[in-house]
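Notes follow once the structure below has been shown.
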Amino acid sequence: MLTGPMLTASPRIPASTMEWRRFKYPQSLYRYFGLLAALTFICYSVVYLNIPLERFIGLFGRVGDLLANRYFPPDMDYIADPDYLASVLDTIKMGYLGALFGMLLAIPLAWFGSWNVSPSRRFLYPVARFLTMSTRAVHETIWAILFVTVLGYGMLAGVLALTMFCIGFAGKLFAVEIEAINMGPVEAMRATGANELQVFAYGVFPQVRVAFTGIGIYTWDVAFRAATVVGFFGAGGMGWYLKRNVLEIETHRVAAIMVSIIALVLVSEGVSAWARVRVAKAK
Amino acid sequence: MTVHAANPELVERISAARARKKTSRTLLAIVVLVLVAISVETTIVADTDWERMGSLGDVLQNAAKFFAVDWSLFPNLIGPALETIMVATLGTLLGVIVCVPATWFGALNITPFKPVTYPVARLMMTLSRSIHEIVWALFFVAAVGLGALAGVLAIAMRSVGFIAKMSAEAIEDLDPKPVEAIRAVGGSEFQVFIYAILPQVLPVIIGVVIFEWEINIRRSSILGLVGAGGLGLVFFRQMNTFNYAGVTSVIVAILILILFGEIVSHFTRKAVT
Amino acid sequence: MPPILQVKDLKVRYSLTGPEILKGISFDVGAEDFLAIIGPSGAGKSTLIRCINRLVMPTSGEILLNGTDVLKLRPRALRKLRRNIGMIFQEFNLINRMSVIDNVLSGRLGYVGNFRGLFRLFSKEDIARALSMLERVGLSDHVDKRADELSGGQRQRVGIARALMQDPRLLLVDEPTSSLDPKISREVMGLIRDIANEFNVPVLCNIHDVGLAMEFCNKIIGLQDGIKMFDGPTGKMNERRLNEIYAMEVL
């Protein structure tokens, strides 16, 4: 494109004596090996699980057909029934209580389980860590089944299952928040000779109060979502209606229940997003 | 040293503001407590069959049956545990694939037709995130039948929303400077994408995907309850045969699996960022 | 000798109703020039320099680079033109997560096809060239480091090496020292001047720091609010003219 006498740039740079290869031994080998292992695992999974890949073809259309023929139109009269609406109210209450109890228990656990302020790093820290991790690792539906077995059918089991779930959920987020605080006030409180509880109440809690409120609202939102399904295993609320109609293959009613769940969850998500913005602003 | 007398007007204003704040706090506390009382009354006191439950001793005795581990079950758990991880992995992978268009439509700066594609993508993301995995699984079991495929689809649909939302945010936060640099050296648009956009976005997305994979292990561990295989199915069987020690074994297996997921995710995320 | 770059009556407006950023600028760059564009911030310096390789499309005017009308080029030809114009940026514009050598090699992208670019398959000559460039700018110990591990001065050196990889026939330099401290700034400016001499390329350089402009450049253009206030050899610049150019900023 550009030619001309002065444009034939002639770099008078001496050739480099350095050696360089993109492939580094052994780092690159590890990386390729890791990638290969991941790929093999994925392919093996498809074979092991007998995933019929050909069923993906036209999956979209078949799901659409299914929705149109068997689930549409949703039986709206069914969800307008007062009994069903009462169960919705119960579900909201369950979510509310579960989130509240869970958070109340999660706060001390988060305190004990934060490395920077834990009163005892030897004993309380690992115990709190283990409790938060295991309450979180076990799915809320498993908690629901366990509590139903021990306590019988009913919302008590549901509330306790949600409590366990929220301990783990909120506890982890709370601990992350506490581990990110400014340690200055904590040192100042320790310097005045305050005991560990006072240090937490005056040095830690004021710093994380706003963040905790935000997490609390989020936990409530998530607990409500979980509350809609614990009833599926006998722990009260609208999940029971879902189970009954799934078993009876009342697809139009199932569709109506799903619509109501989606609508409620969207409302709760909207409310929670609004409330979190309010809290962040009121800071 | 003299002590300054405080301005009385100021003191009054401050204490008035304090009092206002205090009343609103007290009100909030009362509302919360009343709601708790109502909820406890209806959900716990009135709804529980206290007679069937019996005394505290009975409850503890009832619960005690779970405090044993059926070690003989563990060899039979390896297969289902593997299945659980595989369902989580394939589900996450499928979720990532579905994510590509969702992210493209849902990132403000690249969405092809803002008034339509952007809100549609955002609605899809919210829907995907807000429907519980059990509900997704029920739906797909009805659509494709019992088996791992339903589980994979449920996991995929449940994770699309979160991955797409975070990826879209990463793309919206893109630093335009490297883009300008690659344009200036005469790179094609494709090269701009490969050299300036991907290196910025990919680590974020991989981090999110690994995070979601870890959560998906937890989710896929229960999909067996609604017929999608894995540890959940074993759990269900142990429960139905009243082998409570076996139930505890499954829970222990789930804990181990989640711990494994956390370790893998920790190291992989370290490696990519 | 004829000028390498001729700019005639260049006007830029970012939007139809927006203010005119450049209000008719004309100047020439000769084959051995190190030309500085000075002026207060907001005068249009960055816009002017980005018009030359069309990172910004001017509203009207003419830019002739060695006889080629830059503003009439189609995308493919424009890319071919750009690969011969090196550009050095204020904030280095490196790809932070890539290694130093890959950043330098990315200067060759204009010469490399999409496929080779995708898998970073650069030729042996390109790699040898990148290494010698890194040696020249004094970074031979940092070849495999990630760009974001380097200090500001080192990053700008990577930026210089990347521009040199392009086999540039013109260097555009946009505020190379604004993100650097004074000592490093002088080093970087010295390096750019030395390299321009070695490679025989003219330089067009935006610079906020008048002292550096006077020290390193042979010609100066003074911009104020999109209008050219001064154009001449460095020797003719004086206190009074400077005050005129920077009058707005004093206010």
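The values are calculated or read from the model by the stated rules, or taken from the named source; none is laboratory data. Bear in mind the structure is a predicted one, so any value in this text is a computation, not a measurement. Here the Cβ is made from the backbone with ideal geometry for all residues, glycine too, and neighbour counts use every protein chain on show.
What the table shows:
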read-out	value
Close pairs (8 angstrom Cβ cut-off, 6 or more residues apart or separate chains): farther than 16 Å from residue A:237 by Cβ in the stretch B:44-56, hydroxyl-bearing (Ser, Thr, Tyr) anywhere	B:49/A:153
Residue count, the stretch C:11-35 (criterion: part of a loop (DSSP other than H, G, I, E, B) and either in contact (Cβ under 8 Å) with a residue 60 or more places away in the chain or crowded, with 20+ Cβ neighbours inside 10 Å (or both))	4
Qualifying residue in the stretch C:195-209 (condition: in a helix (DSSP H, G or I), under 14 Å from the mean Cα position of the chain (by Cα) and under 24 Å from residue C:91 (Cα atoms))	yes
Residue within the stretch A:169-191 that is within 13 Å of another protein chain (Cβ to nearest Cβ), within 18 Å of residue A:101 (Cα to Cα) and aromatic (Phe, Trp, Tyr) present	yes
Tabulated pairs, the stretch A:93-111, first away from chain B (no Cβ under 12 Å), second part of a helix (DSSP H, G or I) and charged (D, E, K, R), C-beta under 9 angstrom, 6+ apart or interchain	A:106/A:172; A:109/A:129; A:110/A:172; A:110/A:177; A:111/A:196
Every residue from the stretch C:130-147 that is closer than 16 Å to residue C:163 by Cα and within 14 Å of chain B (Cβ to nearest Cβ)	C:130, C:133, C:147
Enumeration of residues in the stretch B:202-237 that are within 19 Å of residue B:178 (Cα to Cα) and facing another protein chain (nearest Cβ under 10 Å)	B:202, B:203
Flag for residue C:116 being more than 8 Å from every other protein chain (Cβ to nearest Cβ) and not in a loop (DSSP other than H, G, I, E, B)	yes
Scan of the stretch A:239-270 for residues that are touching a residue at least 24 places away in the same chain (Cβ under 8 Å) and within 19 Å of the chain's Cα centre (by Cα), ordered by number	A:261, A:264, A:265, A:268, A:269
One residue from A:263, A:282, A:256 being crowded, with 21+ Cβ neighbours inside 10 Å and either within 14 Å of chain B (Cβ to nearest Cβ) or at positive phi (or both)	A:256
Selection count, the stretch B:175-197, where residues are more than 7 Å from chain C (Cβ to nearest Cβ) and within 15 Å of residue C:94 (Cβ to Cβ)	5
Among the candidates C:4, C:38, residue that is buried (at least 21 other Cβ atoms within 10 Å of the Cβ), facing another protein chain (nearest Cβ under 8 Å), under 17 Å from the mean Cα position of the chain (by Cα) and farther than 27 Å from residue B:178 by Cβ	C:4
Test: residue in the stretch A:42-52 that is more than 9 Å from chain B (Cβ to nearest Cβ), in a helix (DSSP H, G or I) and touching a residue at least 24 places away in the same chain (Cβ under 8 Å)	no
Qualifying positions in the stretch C:79-93 - within 7 Å of chain B (Cβ to nearest Cβ) and assigned to a loop (DSSP other than H, G, I, E, B)	C:83, C:89, C:91, C:93
Answer from A:15, A:99, A:37 - the residue that is modelled with pLDDT under 90 and among the small types (Gly, Ala, Ser)	A:15
Count - residues of the stretch C:208-247 that are crowded, with 17+ Cβ neighbours inside 10 Å, closer than 21 Å to residue C:32 by Cα and hydrophobic (A, V, I, L, M, F, W, C)	9
Total residues in the stretch C:53-72, condition within 14 Å of another protein chain (Cβ to nearest Cβ), in contact (Cβ under 8 Å) with a residue 24 or more places away in the chain and on the phi > 0 side of the Ramachandran plot	2
Hey, residue C:83 farther than 25 Å from residue C:245 by Cβ, among the basic types (Lys, Arg) and touching a residue at least 24 places away in the same chain (Cβ under 8 Å) or not	yes
Helices (runs of 4 or more DSSP H) wholly inside the stretch B:45-162 that include at least 3 residues being within 13 Å of chain A (Cβ to nearest Cβ) and among the hydrophobic types (A, V, I, L, M, F, W, C)	B:56-64, B:74-106, B:114-130, B:133-144
Any hit, the stretch C:165-178, residues being of a type outside the set (Phe, Trp, Tyr) and in a helix (DSSP H, G or I)	yes
Selection within the stretch B:168-183 - surrounded by fewer than 16 Cβ atoms within 10 Å (Cβ to Cβ) and either of a type in the set (Gly, Ala, Ser) or more than 22 Å from residue C:85 (Cβ to Cβ) (or both)	B:169, B:172, B:173, B:175
Filter result for residue A:214 (under 29 Å from residue A:274 (Cα atoms) and within 11 Å of chain B (Cβ to nearest Cβ))	no
Among residues of the stretch A:127-172, those that are on the phi > 0 side of the Ramachandran plot and either in contact (Cβ under 8 Å) with a residue 24 or more places away in the chain or of a type in the set (A, V, I, L, M) (or both), counted	1
Helices (runs of 4 or more DSSP H) wholly inside the stretch B:167-273 that include at least 1 residues being without any contact (Cβ under 8 Å) to a residue 24 or more places away in the chain and under 27 Å from residue A:31 (Cβ atoms)	B:176-184, B:189-192, B:198-220, B:244-272
